[in-house]
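Working notes, structure below.
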């Protein structure tokens, strides 16, 4: 667990999302699906973000501005510095035979890095609008659908599913493929097991997503 | 002495952070295991955060067989935070901790805002615990009472060896979009910088009311904050919410404190102890 103050290299808009590139320094990119706690300027608590891209010398995060913390992070400009802690949690298992990435909305954030590590497997991605679907350009080999079509309609049977997206999507994916690896999300204060804030009830038991997840398998 | 506030660090998942402290305070242990409250459990506010964890813990049996032996290997003195719903429950846990040499002290959490309050008064709990253990007993109090100094004096009379001031204060945050409570259980405990003036006032008042040593906590972010708590009358200071944002806080805060003491010409932290009362004392005697 390493925390460093790093510099923003670029802030790029991808549809409604922000791709924030920072210089990597001594931080390791970790395993796809792991996450980092990003300092949100002017706010008390950092925000958890999975790694989107691990280009040489950089770490990049795809962020949706949905509240004061993510808005502050998305407003960072090249040269601004922020503290980054990570990588944290458990990522995806990569020892799969026939991977299929299933993502929804900002849940596609970890897929560019995951796709790279898995050799660009097929992906099915769902978004609420064409504007949001611009993020699909970051994921190679992706088939895209926009609401009211659902991403589960694009899933073929017999594949090793790795999924990230809103909870109803993850539940629907799990009903179809009980063995799917699912990356969950919850508000977190610390990201390293201290606050017990990110406990979510999965299959009747409460799990701390930051240390037992965020990727969980049935 | 620098500690963590109970519930703000898991020494078994972050042992290096715990080793940066002079003592590690556990999450509150109750007689039975508790899953804790329904998510969502945390929400940030403009100058603080709310939590409603609800004393999630493995219960005293598993704590003694699994957690305590592992904690003892850290090489950091262990303070166990104890909770319950009756004075007897507190006493039972204290009695079971009494024989464990690895437990340096017990903090009685009589002030958690996120569970139903104990049915008996804080002082009855302290008195029962006192009969059950020879360990140092620290009473963790809430500032949400009409006169905290009365409670502090009563804790002293009931046999407390020290005071831990303060616990979180009950607060509410609404989701900016839906205007519904941000937390699953609606209200939670407010911590962070918003709490600091309240906590300082509590330490200041209780230092004047009793001669019990005090662990001060509430919104400590920097070495300067630690110095303020010491000046107000705290012998020890605990880091809480700051640990969530910065696991390196123990190391950073110590360095900042050393620089603050040196810049102000204090030989050491004891030299700054209770200095905020000097003015009041001189006013009282003239």
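No lab work stands behind these numbers, since they all come straight from the coordinates. Every value quoted in this text rests on a predicted model; they were computed, and no experiment measured them. Cβ atoms come from the backbone with ideal geometry, glycine included; neighbour counts cover every protein chain shown.
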Can you tell me which of B:156-162, A:201-207 comes out highest on packing, and rank the rest after it, using the mean Cβ neighbours within 10 Å?
B:156-162, A:201-207
Taking the range B:158-227 on its own, what percent of its Cα-Cα pair distances exceed 21 Å?
41
Sticking to Cα atoms, compute the Rg of chain B to one decimal and its Dmax as the biggest Cα-Cα distance, whole number, in Å.
18.3, 58
Take the Cβ-Cβ distance between residue B:102 and residue A:55 as r, set R0 to 56 Å, and report the resulting FRET efficiency rounded to the nearest 0.05.
0.70
Calculated [θ] (222 nm, deg cm²/dmol) that DSSP helices of n ≥ 4 give over chain A, each run adding -39,500 (n - 2.57):
-3500 deg cm²/dmol
Computed helical MRE - 222 nm, chain B, DSSP H runs ≥ 4 contributing -39500 (n - 2.57), nearest 500:
-9500 deg cm²/dmol
When the convex hull of its Cα atoms is projected in every direction, mean area for the range A:2-88 (nm²):
5.0
Mean Cβ neighbour count within 10 Å, used as a protection proxy, ranking B:9-21, A:139-151 highest first:
B:9-21, A:139-151
Averaged across the residues of B:244-252, what count of C-beta atoms belonging to other chains lies within 10 Å of each residue's C-beta?
5
Once all Cα-Cα distances of the protein assembly as shown are split into 10 Å bins that start at 0, what whole-number percent is in each one?
4, 18, 27, 23, 15, 9, 3, 0, 0
Global form of the range B:33-149, assessed from the alpha-carbon gyration tensor, a/c cut-off 1.5:
oblate
Which of A:165, A:86, A:26 ends up with the largest GNM mean-square fluctuation for chain A, with Cα atoms connected below 10 Å?
A:26
Based on the Kirkwood radius over alpha-carbon pairs, what is the Stokes-Einstein translational diffusion coefficient of the range A:99-179 at 4 °C with 1.567 mPa s viscosity, in µm²/s?
106
Number of partner chain Cβ atoms within 10 Å, mean per residue of B:35-46
6
Assuming R0 = 45 Å, can you tell me the calculated FRET efficiency for the pair residue B:211 and residue B:179, based on Cβ-Cβ distance, to the nearest 0.05?
0.40
For the modelled label position 7 Å from the Cα of residue B:38 along Cα-to-Cβ, which residues of the range B:55-97 have backbone nitrogen atoms closer than 18 Å?
B:55-56
Computed curve, the range B:209-286, Cα-only Debye sum without solvent term, log₁₀ I(q)/I(0) at 0.13, 0.16, 0.26 Å⁻¹, is -0.42, -0.61, -1.22
Distance in nm between pseudo-label sites at residue B:88 and residue A:13 (7 Å out along the Cβ direction from Cα):
6.7
Report the relative contact order of the range B:24-78, percent, no decimals, based on alpha-carbon pairs under 8 angstrom and at least 6 residues apart.
42
Pseudo-spin-label distance residue A:176 to residue B:95, built 7 Å along Cα→Cβ, given in nm, is 5.9
The convex hull of the Cα atoms of the range B:1-66, divided by residue count, gives a volume in Å³ per residue of 109
Between the Cα axis of helix A:167-176 and the main Cα principal axis of chain A, the angle (0 to 90°, nearest 10) is 30
Max mean-square fluctuation residue, GNM over chain B, Cα-Cα springs under 10 Å, options B:26, B:222, B:38
B:38
Would you list A:9, B:242 from fewest to most Cβ contacts within 10 Å?
A:9, B:242
Ranked from fewest to most other Cβ atoms within 10 Å of their own Cβ, A:184, A:131, B:138, B:79 fall in the order A:131, A:184, B:79, B:138
Taking only the alpha-carbon atoms of the range B:64-113, the convex hull volume per residue, in cubic angstrom, is 86
Mean separation of Cα pairs under 8 Å and 6+ residues apart, divided by the residue count of chain A: what relative contact order is that in percent?
20
For B:27, A:13, order by how many other beta-carbon atoms lie within 10 Å, fewest first
A:13, B:27
Of all the Cα-Cα pairs you can form in chain A, what percent are over 31 Å apart?
14
Just tell me how shielded A:82-90 is by partners: mean number of partner chain Cβ atoms within 10 Å of each residue's Cβ, no decimals.
1
